[in-house]
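Taking it in order: structure first as structure tokens, then the write-up.
The values are calculated or read from the model by the stated rules, or taken from the named source; none is laboratory data. What you see is a predicted model, and the numbers here were worked out from it, not measured in a lab. FYI the Cβ positions are ideal-geometry reconstructions off the backbone, even for glycines, and counts take in every protein chain you see. Just the protein is used for accessible areas: all its heavy atoms, side chains included, with ligands, DNA and RNA removed. Shrake-Rupley method; radii C 1.70, N 1.55, O 1.52, S 1.80 Å.
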Amino acid sequence: MISEQKENIEQKKVLFSAIQPSGILTIGNYLGALSNFKELQSDYKSIFSLADLHTLTVKQEPSVLRKNTYELAALYIACGINPEESVLFVQSHVPAHAELCWILNTISYPGELSRMTQFKDKSSKHEDNINMGLMDYPVLMAADILLYQTELVPIGADQKQHLELSRDLAIRFNNRYGETFKIPDGYISGTAARVMSLAEPSKKMSKSDSNLNAFISMDDDKDTIIRKFKRAVTDSDNKIICSPDKPGISNLLTIYSAVTGLSVEQAEKEFDGKQYSDFKLRVGEAVADTVEPIRTEKNRILSDKDYLDSVLSEGAQRASALAYKTLNKVYRKVGLLQRKRG
Ligand code: TYM
């Protein structure tokens with residue numbers, strides 16, 4: 001019976017995703033990614049990573065990066081990731097990620113990497129630090145995914161282009177060296193796949209925005225959340241409907257629908273004939289109701305560093321065992337000499 005259960009787990013498809021510990025997450029990260037991780041984790045053999053190597057592509061304060069890494073580990077668990085069921089680990093603890101990245105670099109072209117939207121965006125935002133890592137970011141991301149023979153990658157819409165590159169690299173490698181990698185599919189959830197800035201609804205909500213009113217952080221308290229929604233940019237008329245010419249209202253309706261579980265149409269009905277001020281207050285309250293219990297739980301988990309260290313250490317061991325199976329196969333395929341033990 002037990003071995004039958006084990007076999008069932010083994011037969012589950014692999015799901016992989018990662019988040020950068022580059023700051024306190026926003027409700028964009030939560031609604032676009034983390035909340036889906038929780039929904040999907042039991043149906044897959046789920047592996048979640050803290051992509052600390054990726055954060056180094058923009059300047060980080062070392063002590064802040066360390067603190068953010070613990071924060072993110074605690075947040076994953078507070079959002080419902082069960083470290084006994086899923087694998088939760090820090091990317092840099094499994095060197096196979098950097099090792100596979102090197103191999104994939106040898107089949108990646110500068111032309112395709114310099115065309116990536118995120119590379120262009122980040123290069124213009126960090127003109128003083130356009131480094132090789134920034135350009136190589138999607139190749140490391142491909143290594144993350146392909147190491148685990150991943151079939152499903154839940155991500156927000158902004159990562160779609162990177163996922164496509166991962167697929168291209170897997171196909172390119174398989175064509176050149178023979179069947180090695182599974183080809184991963186993206187899972188981009190409908191409504192909240194792209195949560196927009198509260199200050200400039202044509203831009204995605206981002207944790208690195210210098211305008212603190214543009215995003216709701218998962219660390220904001222109820223008053224702050226309500227104040228930020230009160231200030232959110234809306235549109236000139238008073239209609240509360242989702243429409244391409246009403247990006248501000250559409251974004252708030254989308255957020256409301258994601259946190260309440262209502263459809264956008266149901267939300268539109270609820271606010272039919274209401275004032276913008278009432279609407280914004282209600283959205284703020286609903287978001288605070290979602291964020292507050294997570295924040296409290298995250299802070300509780302964060303106060304137990306020994307527990308977090310043990311989760312991450314165990315996660316790294318489990319991830320390594322899987323990752324090196326693939327990496328050894330890759331090394332063999334490309335002709336690297338297998339190391340003789342003893
Ligand atoms: P990061 O940390 O920038 O974002 C983490 C996840 O949050 C999603 N996201 C959003 N979703 C909806 N609306 C938004 N405004 C919003 N902002 C961010 C992102 O799409 C992402 O899913 N490169 C990845 C990290 C990574 C990764 C991987 C992901 C590294 N290796 C392998 C999947 C598989 C990133 O963007 O992280």
- request: Those residues that are of a type in the set (Asp, Glu) and either in contact (Cβ under 8 Å) with a residue 12 or more places away in the chain or open to solvent by 80 Å² or more (accessible area, probe 1.4 Å) (or both), I need them from segment 290-312; list them, please.
  value: GLU292, GLU297, ASP306
message: Which condition from (1) touching a strand residue (DSSP E or B) at 6+ places or on another chain (Cβ under 6 Å); (2) free of Cβ contacts under 8 Å to residues at least 24 places away in the same chain is the one that TYR187 breaks?
response: (2)
task: Considering only segment 47-68, state which residues are within 14 Å of the chain's Cα centre (by Cα) and hydroxyl-bearing (Ser, Thr, Tyr).
output: SER49, THR55
- prompt: Looking at segment 79-132, what helices (runs of 4 or more DSSP H) fall wholly within it and have at least 3 residues that are open to solvent by 20 Å² or more (accessible area, probe 1.4 Å), touching a residue at least 24 places away in the same chain (Cβ under 8 Å) and within 15 Å of the ligand (Cβ to nearest atom)?
  reply: 117-125
- prompt: Which of the residues belonging to segment 142-160 are assigned to a helix (DSSP H, G or I) and either open to solvent by 20 Å² or more (accessible area, probe 1.4 Å) or polar (S, T, N, Q) (or both)?
  reply: ALA157, ASP158, GLN159, LYS160
field: Flag if GLY315 is touching a His at 6+ places or on another chain (Cβ under 9 Å), open to solvent by less than 80 Å² (accessible area, probe 1.4 Å) and at pLDDT 95 or above
entry: yes
field: Positions within segment 31-75 being touching a residue at least 60 places away in the same chain (Cβ under 8 Å) and within 8 Å of the ligand (Cβ to nearest atom), in sequence order
entry: LEU31, GLY32, ALA33, SER49, ALA51, HIS54
query: Within segment 161-216, which residues are under 17 Å from LYS246 (Cα atoms) and in a loop (DSSP other than H, G, I, E, B)?
result: THR191, ALA192, ARG194, VAL195, SER197, LEU198, ALA199, GLU200, PRO201, SER202, LYS203, MET205
task: Can you give me the number of residues within segment 17-30 that are in contact (Cβ under 8 Å) with a residue 60 or more places away in the chain, more than 7 Å from the ligand (Cβ to nearest atom) and not hydrophobic (A, V, I, L, M, F, W, C)?
output: 2
- request: Being assigned to a helix (DSSP H, G or I) and open to solvent by 40 Å² or more (accessible area, probe 1.4 Å) narrows it down to one of SER277, SER320, SER257, so name that one.
  value: SER277
task: Tell me which residues, restricted to segment 150-168, are among the aliphatic types (A, V, I, L, M) and more than 7 Å from the ligand (Cβ to nearest atom).
output: LEU152, LEU163, LEU165
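Each row is one residue, and each column tells you yes or no for (1) open to solvent by less than 60 Å² (accessible area, probe 1.4 Å); (2) in contact with a strand residue (DSSP E or B) (Cβ under 8 Å, 6 or more places away or on another chain); (3) at pLDDT 95 or above; (4) more than 12 Å from the ligand (Cβ to nearest atom).
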site	(1), (2), (3), (4)
ALA170	yes, no, yes, yes
TYR177	no, no, yes, yes
LYS182	no, yes, yes, yes
THR191	no, no, no, no
ALA199	yes, no, yes, yes
- prompt: Is it true that some residue in segment 234-252 is open to solvent by 30 Å² or more (accessible area, probe 1.4 Å), within 12 Å of THR26 (Cβ to Cβ) and part of a loop (DSSP other than H, G, I, E, B)?
  reply: no
Every residue from segment 1-16 that is more than 14 Å from the ligand (Cβ to nearest atom) and either part of a strand (DSSP E or B) or at pLDDT below 95 (or both): MET1, ILE2, SER3, GLU4, GLN5, LYS6, GLU7, ASN8, ILE9, GLU10, GLN11
